[in-house]
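Novice: I am attaching a structure below and will ask some questions about it afterwards.
The values are calculated or read from the model by the stated rules, or taken from the named source; none is laboratory data. Small disclaimer: the values here were computed from a predicted structure and weren't measured. Ideal geometry is used to build each Cβ from the backbone, glycine not excepted, and the neighbour counts take in all protein chains shown.
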Ligand code: SF4
């Protein structure tokens, strides 16, 4: 089997070979170079969260390194079997804010629409893994009807976010159909797509897929790169295709212990995203409370130290916003350390990138000199 990552201009169907040659079922784990103990642990963990990875993504793994950051993202590990107290099956309360099936309406102007609960790759850290397992179904036109009717009935909705599951794992025909249906709703202004496909199955980004998404609506594609080693000639070609189609590209990463929890790893990732792929690093997520993920979460304090160091090293355009998506639908809140050290009226004390605290006085107009009570004074 050739290394599929070497092909930067793959034919439109190359992605199907890539999927077929990868891991699609638990039994396929037997073909990977794991030790018997690792295989047994991986098979047990895979019973809790599906396992799938295209061959080109597996080709990125250094199998001699048990702590390889690509391996950590897709090969089930025994840590997943350990549930810590307080972890949640639905960490950000998608279901609580779901008025109809396949839709979450947490914020007034936007909704999450779930056309499928299947993915091209199953990430071990996924906070929706329990929905993917329990619901698990793919796309049908009928299944989406109640959600589309809900959007049409709510004129405050401006943005429809296709998520899942991975929307770009769907066939072109399904994507074109979903896009066309959303476009008929006049108050919708933007179609956003959350996807790991450009990362894990870049050969799927074909002219046909792009054409299926082009229409009336502005399209923003939010990719999900977590490590610079995921950035290859093939991902570069895929992102170029998306950019040239006129789509806005943003990236969200998850801060994962053992994958990208060093300043060097994040610095390289953010630079390569912006400078090589033309993708603006958008969010760096603190780990959600998904079950069995304690072994991949860092402390918030560590995350704050990382983003403070990044802020000093990277240009603003390369810096993501460090956020936590709060349980119970509390929304994404920024976690970066606050540089304000104190305030006295209009005077603020603010810590600079060099660590020095400086004074900043708010000046909102020219101060008028007060007339002196004694005109003779000071003359
Ligand atoms: S592609 Fe997205 S939805 Fe699917 S398993 Fe990975 S993180 Fe979860």
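Novice: Go through the stretch 218-235 and give me each residue that's within 16 Å of the ligand (Cβ to nearest atom) and out of contact with any helix residue (DSSP H, G or I) (no Cβ under 7 Å at 6 or more places or on another chain).
Specialist: 222
Novice: Tell me, please, whether a residue that is in a strand (DSSP E or B), in contact (Cβ under 8 Å) with a residue 40 or more places away in the chain and within 16 Å of the ligand (Cβ to nearest atom) can be found in the stretch 81-91.
Specialist: Taking every residue of the stretch 81-91 in turn, at least one turns out to be in a strand (DSSP E or B), in contact (Cβ under 8 Å) with a residue 40 or more places away in the chain and within 16 Å of the ligand (Cβ to nearest atom).
Novice: Cβ contacts < 7 Å: first residue in contact (Cβ under 8 Å) with a residue 40 or more places away in the chain and closer than 18 Å to residue 167 by Cβ, restricted to the stretch 213-240; second residue away from the ligand (no atom under 15 Å from the Cβ) and part of a helix (DSSP H, G or I), any location; separation 6+ or different chain. Result?
Specialist: Short answer, once both residue conditions are applied: 225/269; 225/273.
Novice: Among the residues in the stretch 99-109, are any surrounded by 17 or more Cβ atoms within 10 Å (Cβ to Cβ), in contact with a strand residue (DSSP E or B) (Cβ under 9 Å, 6 or more places away or on another chain), farther than 30 Å from residue 144 by Cβ and at pLDDT 95 or above?
Specialist: Checked against the condition, which is being surrounded by 17 or more Cβ atoms within 10 Å (Cβ to Cβ), in contact with a strand residue (DSSP E or B) (Cβ under 9 Å, 6 or more places away or on another chain), farther than 30 Å from residue 144 by Cβ and at pLDDT 95 or above, the stretch 99-109 yields no hits at all.
Novice: Does the stretch 288-302 hold any residues that are over 15 Å from residue 325 (Cβ atoms), buried (at least 17 other Cβ atoms within 10 Å of the Cβ) and out of contact with any helix residue (DSSP H, G or I) (no Cβ under 6 Å at 6 or more places or on another chain), and which are they?
Specialist: Across the stretch 288-302, the qualifying residues are 291, 294, 296, 298.
Novice: Answer yes or no: is there a residue in the stretch 139-151 that is within 16 Å of the ligand (Cβ to nearest atom) and free of Cβ contacts under 8 Å to residues at least 40 places away in the same chain.
Specialist: Looking for residues that are within 16 Å of the ligand (Cβ to nearest atom) and free of Cβ contacts under 8 Å to residues at least 40 places away in the same chain, one finds at least one in the stretch 139-151, hence yes.
Novice: Now, a different point. Scan 209, 277, 284 and give me the residue that is modelled with pLDDT of 95 or more, in contact with a strand residue (DSSP E or B) (Cβ under 9 Å, 6 or more places away or on another chain) and under 22 Å from residue 159 (Cβ atoms).
Specialist: 284 is the lone residue from the list that is modelled with pLDDT of 95 or more, in contact with a strand residue (DSSP E or B) (Cβ under 9 Å, 6 or more places away or on another chain) and under 22 Å from residue 159 (Cβ atoms).
Novice: With respect to the numbered conditions (1) under 20 Å from residue 282 (Cα atoms); (2) surrounded by fewer than 17 Cβ atoms within 10 Å (Cβ to Cβ); (3) in contact with a helix residue (DSSP H, G or I) (Cβ under 7 Å, 6 or more places away or on another chain), which one is the sole condition not fulfilled by residue 215?
Specialist: (1)
Novice: Evaluate the stretch 139-154: report whether one residue or more is in a loop (DSSP other than H, G, I, E, B) and touching a strand residue (DSSP E or B) at 6+ places or on another chain (Cβ under 8 Å).
Specialist: yes
Novice: Next question. Here is a check on your reading of the model: is residue 168 at pLDDT 95 or above and over 19 Å from residue 253 (Cβ atoms)?
Specialist: Judged against the criteria, residue 168 is not a match.
A quick yes/no check of all residues on (1) within 16 Å of the ligand (Cβ to nearest atom); (2) at negative phi; (3) without any contact (Cβ under 8 Å) to a residue 12 or more places away in the chain:
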| residue | (1), (2), (3) |
| --- | --- |
| 153 | no, yes, yes |
| 157 | no, yes, no |
| 168 | yes, yes, no |
| 172 | no, yes, no |
| 179 | no, yes, no |
| 185 | no, yes, no |
| 192 | yes, yes, no |
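Novice: Suppose we filter the stretch 98-133 for residues that are near the ligand (Cβ under 10 Å from one of its atoms) and part of a loop (DSSP other than H, G, I, E, B); how many remain?
Specialist: Final tally of qualifying residues: 14.
Novice: From the list 238, 200, exactly one residue is within 16 Å of the ligand (Cβ to nearest atom), surrounded by 17 or more Cβ atoms within 10 Å (Cβ to Cβ) and closer than 25 Å to residue 261 by Cα. Which is it?
Specialist: Exactly one residue qualifies, and that residue is 200.
Novice: Which condition from (1) surrounded by fewer than 19 Cβ atoms within 10 Å (Cβ to Cβ); (2) at pLDDT 95 or above; (3) in a helix (DSSP H, G or I) is the one that residue 328 breaks?
Specialist: (2)
Novice: Can you tell me which residue is farthest from the ligand (Cβ to nearest atom) among those in the stretch 203-212 that are touching a residue at least 60 places away in the same chain (Cβ under 8 Å) and touching a helix residue (DSSP H, G or I) at 6+ places or on another chain (Cβ under 6 Å)?
Specialist: Looking at the filtered set, the residue picked out is 208.
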